[in-house]
Amino acid sequence: MPIVRTLCILLVSSLAMRGQAPALQVTKWLQAPAGFDGQWSGLHGKVVVLEFWATWCSPCIHAIPHLNELANEFRGQDVVFLAVTDDDEDRLQSFLAKRSMDAMIGIDTSRKNWKLFGVSSIPHTFVIGKDGNVIGATFPENVTSSVLKEALAGGRPVLPPKLGVESDLEWDDHLIEWQDGVSPAFYAIIKPIKTTTSGAWPRPGHLSADGVGLETLVQLAYEVDHFHLDWRMPEEDQTYRAAVRVPDDRKDKLLPYFRQTLIDMFGIQARWENQERDVYVLKRIEGHAVPAESHERELVQMMRGTITLRAQSVKRLCDFLTTPLHSIVVDETGMNGRYDFDLPYQPGQPDVTAEALKQIGLEVLKTRHSVPILVVSPE
């Protein structure tokens, strides 16, 4: 099952919301003039837009054109754009060769600045005044021309606050205290909530999610990704905190129980039907040896620009490839074992992953294919 991945949404600690900005600790600056060190003493008298981002973060990539437009508008004025990332230099250079960023880019692979500025996830944008004090932190799209003009004039523009509580993927263990001291072995809990980050954690006999919409809950319950879904439910912006648990000896009941809960609570009906779709087909490249089967412990992980799979089927790999390739991926490799995969991904650049697949003797080809699609509609 593809893991739901919404890991790039903003969460900010109150410690860095006011007062003097902490000194930046960057190992190297790219696209900066000789001698630039990013210290506030050298930036005194300038408004600074400081963006925390990464090449693997889709919302960060989405914000680049907006920030580039601002940089162009305020070129020649006392506004400086800095972008700090945890990417290594090789990955950055590859990214910048295909997509321009109008900012000086600082490399911080150890994420020291994340701690200094109270950044838990990205994108995360600070506006810092001429005096070196933090004006505020927000989503990048909330930094506008009028905000920067007010800051240039010495004002303290109000940046939209980030509403909600911190998400917790173990919330049912951390936040629920049963009065008799005994936790139930079988339960499904769904409650509306607004969180500053979101995500989900499926595991045997226990599944939890926080700050996610109904569509994501359905994806989890039916083990389906966005591309295998025909969503016909009314639009809504409500997000939920959910947890489902069954006893260890009844793990096979977890998802059926969750599905029935969603059907009863939200009045949905779900059915599978075959539909024609544009897809990628994953094939072996002729002449390449089949990868050795894995003897590792099972691991499934997709974070910081890398898909890491240990002792997983090629079908599982195809599930994960839907994200970087932005399409359904059908397995036609004929490989039936369990394998290890380490593949890079970069939002908006499917060729990065496609080239890495070729290095291990696999290729993806576009075609038209009949595939099973989950149709979800009101009952």
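Values quoted throughout were computed directly from the atomic coordinates according to the rules given, and no laboratory measurement underlies them. Computed from a predicted model, the values in this text were never measured in an experiment. FYI the Cβ positions are ideal-geometry reconstructions off the backbone, even for glycines, and counts take in every protein chain you see.
Tabulated data
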| read-out | value |
| --- | --- |
| Selection from GLN31, ALA63, THR138 lying farthest towards where the dipole of the chain points positive, charges on Cβ | GLN31 |
| Neighbourhood net charge (14 Å Cβ-Cβ; Lys/Arg +1, Asp/Glu -1) for ALA356 | -4 |
| ASP37/HIS62 FRET efficiency (R0 35 Å; Cβ-Cβ; nearest 0.05) | 0.75 |
| Segment SER183-ALA289, length gained on full extension (0.36 nm per residue, minus Cα span) | 33.1 nm |
| Pairwise FRET efficiency - ASP230 versus SER100, Cβ, R0 = 51 Å, nearest 0.05 | 0.85 |
| The range 171-266 shape via C-alpha gyration tensor axes, a/c threshold 1.5 | oblate |
| Lys, Arg +1 and Asp, Glu -1 on Cβ, resulting dipole of the chain about Cα centre, debye, nearest 20 | 460 debye |
| 11 Å beta-carbon shell around PRO372, net charge (K/R +1, D/E -1) | 0 |
| Sequence ranges 21-33, 128-140, ranked by mean other-Cβ count within 10 angstrom, highest first | 128-140, 21-33 |
| Listed residue pairs exceeding 32 Å between alpha carbons, taken from LYS191/LYS283; LYS28/LYS149; LYS46/LYS115 | LYS191/LYS283 |
| Label-point separation in nm, ALA71 to LEU116, each point 7 Å along Cα→Cβ | 2.0 nm |
| Tensor-based shape of the range 276-376 (alpha-carbon gyration tensor, a/c under 1.5 rounded, otherwise prolate or oblate) | rounded |
| Gain on full stretching of the segment that runs from GLN275 to LEU365 - 0.36 nm per residue minus C-alpha separation | 30.5 nm |
| Built amide H within the under 5 Å cut-off of TYR345, gap 5+ | THR306, ILE307 |
| Nitroxide proxy distance, nm - points 7 Å out along Cα→Cβ at LYS194 and ARG297 | 4.1 nm |
| Net charge dipole size for the range 263-379 [Lys, Arg +1 and Asp, Glu -1 on Cβ; Debye, nearest 20] | 120 debye |
| Charge-dipole axis of the range 276-376 as Lys and Arg at +1 and Asp and Glu at -1 on Cβ define it, positive-most pick from ILE373, VAL329, VAL314 | ILE373 |
| Cα shape, the range 11-152, gyration tensor, a/c 1.5 rule | rounded |
| Qualifying aspartates and glutamates (Cα of each under 12 Å from Cα of LYS358; at least 8 residues distant if same chain) | GLU286 |
| About the Cα centre, charge dipole magnitude for the range 323-378 (Lys/Arg +1, Asp/Glu -1 at Cβ), debye | 220 debye |
| With 10 Å bins from 0: P(r) over the chain, alpha-carbon pairs, percent | 5, 20, 27, 24, 17, 7, 1 |
